[in-house]
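Visitor: Here's a structure for you.
The values are calculated or read from the model by the stated rules, or taken from the named source; none is laboratory data. Everything quoted here is computed from the prediction, not taken from an experiment. No Cβ is skipped: glycine too gets one built from the backbone with ideal geometry, and neighbour counts run over all protein chains shown.
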């Protein structure tokens with residue numbers, strides 16, 4: 001569609017309403033603001049949802065692996081040979097034997113639940129997510145006997161500092177003549193980590209693998225082998241391949257099975273939020289329709305004069321199309337700039353608002369992460385912008401068509 005200079009001039013004139021047309025201008029302004037806020041909100045919400053998924057996926061898989069090979073009775077013997085075989089498969093990055101169990105950690109008259117994971121010192125240093133998140137102590141001391149590495153939040157709750165001792169109480173105790181006695185053992189804290197995910201920082205403890213085997217009575221076995229892949233999407237085909245190799249000697253769980261309910265809930269929430277927030281743009285588009293219809297009704301005499309001076313119906317239609325489309329385009333551009341700016345600095349804004357209001361806006365114990373994440377997806381942003389522009393352009397079609405169909409004789413007769 002080609003627009004002439006005359007049509008651009010008339011469209012711009014109609015956007016600058018006179019005093020008696022002020023109400024129409026107010027409606028157009030609210031339409032522009034509505035589209036801008038709708039586009040910005042969609043971009044921000046989609047970025048935050050993408051950020052949540054990426055951060056949670058990165059932290060969960062960075063600590064738990066893409067696949068878990070678990071013994072039939074939760075004990076896996078001959079694990080070193082099996083781990084070596086798995087490492088030789090194309091697509092496998094690491095295969096780490098672990099001995100895992102649940103305990104109650106107690107110190108300084110405080111107690112808290114913890115998952116204890118027995119792991120070899122070299123494997124823990126290879127866990128980049130943990131190794132680069134050490135906030136106190138050092139992993140160099142992890143080779144000694146009766147030592148542990150804890151999440152910083154867990155250590156803080158128990159009032160522990162580096163060098164302090166913590167008592168681990170296992171429910172897998174021993175039966176005695178005086179009844180069942182839980183297993184207690186003291187360990188020295190040599191390092192703490194803070195990976196930024198509340199669930200792990202507040203509930204995970206690492207212990208050298210030989211000590212964990214003794215403490216949880218695994219003997220020469222482990223609870224399983226965690227497998228890290230080159231690509232998380234390879235988990236399903238790799239599980240099938242390992243299943244054929246193991247032939248029922250162990251259970252296999254991939255990350256999608258272990259966290260399916262969690263990521264499915266995130267996806268459903270993301271889709272619903274997109275649908276609901278799209279209604280903001282739709283409502284703003286209806287405002288464009290109403291403001292243009294009112295403008296056409298108010299400019300009936302002008303349209304009639306233009307027609308008698310030689311303006312075609314197509315020209316009149318394009319004038320009002322430009323008037324309405326300008327509102328949609330300006331609103332979309334405003335929302336685009338605002339949305340990207342807000343999403344790129346959302347955690348800084350969150351910290352500033354918390355300092356201003358004195359209220360905690362993002363509780364890490366509820367939302368798993370200690371910071372508000374955002375990941376801007378270029379294709380999603382383009383989709384939001386195109387949707388806003390499409391709705392804006394569609395909203396101008398009917399009022400423009402009505403303006404073009406206006407009979408000049410009838411319009412001048414009733415003026």
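Visitor: Taking the stretch 198-215 only, how many residues are in contact with a helix residue (DSSP H, G or I) (Cβ under 8 Å, 6 or more places away or on another chain), more than 14 Å from residue 157 (Cα to Cα) and either free of Cβ contacts under 8 Å to residues at least 24 places away in the same chain or surrounded by 24 or more Cβ atoms within 10 Å (Cβ to Cβ) (or both)?
Guide: 2
Visitor: Separate question: Answer yes or no as to whether residue 252 is touching a residue at least 12 places away in the same chain (Cβ under 8 Å), over 30 Å from residue 166 (Cα atoms) and in contact with a helix residue (DSSP H, G or I) (Cβ under 8 Å, 6 or more places away or on another chain).
Guide: Working: touching a residue at least 12 places away in the same chain (Cβ under 8 Å): yes; over 30 Å from residue 166 (Cα atoms): yes; in contact with a helix residue (DSSP H, G or I) (Cβ under 8 Å, 6 or more places away or on another chain): yes.
Yes, satisfied.
Visitor: Check whether at least one residue in the stretch 302-324 is under 16 Å from residue 393 (Cα atoms), at pLDDT 80 or above and under 25 Å from the mean Cα position of the chain (by Cα), and report yes or no.
Guide: No - not one qualifying residue is present in the stretch 302-324.
Visitor: Mind listing whichever residues of the stretch 106-136 are in a strand (DSSP E or B), closer than 30 Å to residue 220 by Cβ and either over 31 Å from the mean Cα position of the chain (by Cα) or without any contact (Cβ under 8 Å) to a residue 12 or more places away in the chain (or both)?
Guide: Of everything in the stretch 106-136, just one residue is in a strand (DSSP E or B), closer than 30 Å to residue 220 by Cβ and either over 31 Å from the mean Cα position of the chain (by Cα) or without any contact (Cβ under 8 Å) to a residue 12 or more places away in the chain (or both), namely 106.
Visitor: Just for the stretch 83-105: of the residues that are in contact with a strand residue (DSSP E or B) (Cβ under 6 Å, 6 or more places away or on another chain), touching a residue at least 60 places away in the same chain (Cβ under 8 Å) and part of a helix (DSSP H, G or I), which one is farthest from residue 156 (Cα to Cα)?
Guide: Checking each candidate, the answer is 86.
Visitor: From the list 356, 277, pick out the single residue that is touching a helix residue (DSSP H, G or I) at 6+ places or on another chain (Cβ under 8 Å) and over 18 Å from residue 13 (Cβ atoms). Spell out the reasoning first.
Guide: Numbers: 356 fails: touching a helix residue (DSSP H, G or I) at 6+ places or on another chain (Cβ under 8 Å).
From the options 356, 277, the qualifying one is 277.
Visitor: Of the residues that make up the stretch 75-82, is at least one in contact with a helix residue (DSSP H, G or I) (Cβ under 9 Å, 6 or more places away or on another chain), assigned to a helix (DSSP H, G or I) and farther than 23 Å from residue 215 by Cβ? Steps first, please.
Guide: Quick first cut of the stretch 75-82, residues in contact with a helix residue (DSSP H, G or I) (Cβ under 9 Å, 6 or more places away or on another chain) only: 76, 82.
From what is left, the residues that are assigned to a helix (DSSP H, G or I) are 82.
With the extra rule that they be farther than 23 Å from residue 215 by Cβ, the set shrinks to none.
No, every residue in the stretch 75-82 fails to be in contact with a helix residue (DSSP H, G or I) (Cβ under 9 Å, 6 or more places away or on another chain), assigned to a helix (DSSP H, G or I) and farther than 23 Å from residue 215 by Cβ.
Visitor: Can you name the condition, by its number, that residue 218 falls short on among (1) in a strand (DSSP E or B); (2) crowded, with 21+ Cβ neighbours inside 10 Å?
Guide: All conditions are met except number (1).
Visitor: Turning to a different aspect of this structure: Within the bounds of the stretch 221-235, is there any residue that is more than 30 Å from residue 330 (Cα to Cα) and free of Cβ contacts under 8 Å to residues at least 12 places away in the same chain?
Guide: Initially, the stretch 221-235 is screened for residues more than 30 Å from residue 330 (Cα to Cα), giving 221-235.
Now restrict to residues that are free of Cβ contacts under 8 Å to residues at least 12 places away in the same chain: 233.
Looking for residues that are more than 30 Å from residue 330 (Cα to Cα) and free of Cβ contacts under 8 Å to residues at least 12 places away in the same chain, one finds at least one in the stretch 221-235, hence yes.
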